[in-house]
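A quick write-up on the structure given underneath.
Read-outs throughout are calculated quantities, based only on the coordinates presented, and are distinct from any laboratory measurement. Small disclaimer: the values here were computed from a predicted structure and weren't measured. Cβ: placed from backbone, ideal geometry, glycine included. Neighbour counts: every protein chain shown.
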Amino acid sequence: MPAPPPAARPTPAPSSVLDLAPVVPVVVLRDAGDAVPLARALVAGGLPAIEVALRTPPATAAIRAVAEAVPGAVVGAGTVLTPGQVADSVAAGARFLVSPGWTDVLLEAMRVSGVPFLPGVSTASEVVALLERGVREMKFFPAHAAGGTAYLRSLAGPLPQARFCPTGGITAASAPDYLALPNVGCVGGSWMVPADAVAGRDWARVERLAREAAGLSAGGRCR
């Protein structure tokens, strides 16, 4: 009998969330059953890093399902607010963590979790506080409301060692302007996972939008 095909291997663990892809989809799921086909569509479109927001009850189950069934995905947990959520997310298979803000307690839990993490900031003082604690990669949130590209550009001069994933109010049209900044590694957004496409299980549309997002580059519409 012919040998069985080798089992698919998961993507290696990331050392930095910012370097996985230009865009990290932020996914809010109401049905854990949608997690695997949605993740497969995103990966097929070229977006392997997927942030599942812990805003709905099925989020942890969705993370577990993607971690077990979609080897090409690097699934992470977003909207992480407590040390308990850190532990539960990593136990479910999350390979990175993202928070909208941070405290020393939450930061320590993320630091000892063993996976990369992006604590959220929206002011220069918060950035400096994280740099003092040895953290150089951060989420800038809410990006549009907190000053957008102008604010991030102003941080690059005095704080060049900080790198960001801006998230919040970013669209396909504005993403290239963020990606053009020297202190931006990637952006987070949800335009490639519109609610009506997920509700209608239109995975072909999600894959198409993901492919367009994966092609975004600094200062342009596609690479």
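When the Cα centres of the stretch 61-120 and the stretch 173-195 are compared, how far apart do they sit, in Å? Between the Cα centres of the stretch 61-120 and the stretch 173-195 lies a distance of 21 Å. Along the stretch 125-131 the Karplus relation, 6.51 cos²θ - 1.76 cosθ + 1.60 evaluated at θ = phi - 60°, assigns HN-Hα couplings of 5, 5, 4, 4, 4, 5, 4 Hz to successive residues, with x for each Gly and Pro.
Would the stretch 20-214 count as rounded, prolate or oblate if I go by the C-alpha gyration tensor, calling it rounded below 1.5 in a/c and otherwise prolate when a/b exceeds b/c, oblate otherwise? It is oblate, given that a/c is not under 1.5 and a/b is not larger than b/c. With helices as the sole contributors, the chain gives -10000 deg cm²/dmol at 222 nm; each DSSP H run of n ≥ 4 counts as -39500 (n - 2.57), and the sum is divided by every residue. Amide H contacts for Gly189 (H built 1.01 Å from N in the peptide plane; partners 5 or more residues away or on another chain; cut-off under 5 Å): Val24, Val26.
Could you give me D for the stretch 104-209, from Stokes-Einstein at 10 °C and 1.306 mPa s, where the hydrodynamic radius is the Kirkwood radius over C-alpha pairs? Units µm² s⁻¹, please. The estimated diffusion coefficient comes to 106 µm²/s.
Close amide H pairs (under 5 Å, H built 1.01 Å from N) link Met138 with Arg163, Phe164, Cys165, residues at least 5 positions away or on another chain. Near the amide H of Val74, within less than 5 Å, lie the amide hydrogens of Ala49, Ile50, all on another chain or at least 5 residues away, with H placed in the peptide plane. Residues in the stretch 199-215 carry Karplus couplings, in order, of 4, x, 6, 8, 5, 5, 5, 4, 4, 5, 5, 5, 5, 5, 5, 5, x Hz; the curve used is 6.51 cos²θ - 1.76 cosθ + 1.60 with θ = phi - 60°, and Gly or Pro positions show x. When each of Glu132, Glu212, Glu207 is scored by the number of other beta-carbon atoms lying within 10 Å, the sequence from fewest to most is Glu132, Glu212, Glu207.
Entry for the stretch 69-156 at q = 0.14, 0.22 Å⁻¹: log10 I(q)/I(0) = -0.50, -1.03, Debye formula applied to identical alpha-carbon scatterers, no solvent contribution. When only Cα pairs below 8 angstrom with a gap of at least 6 residues are kept, the stretch 20-214 shows a relative contact order of 23 percent.
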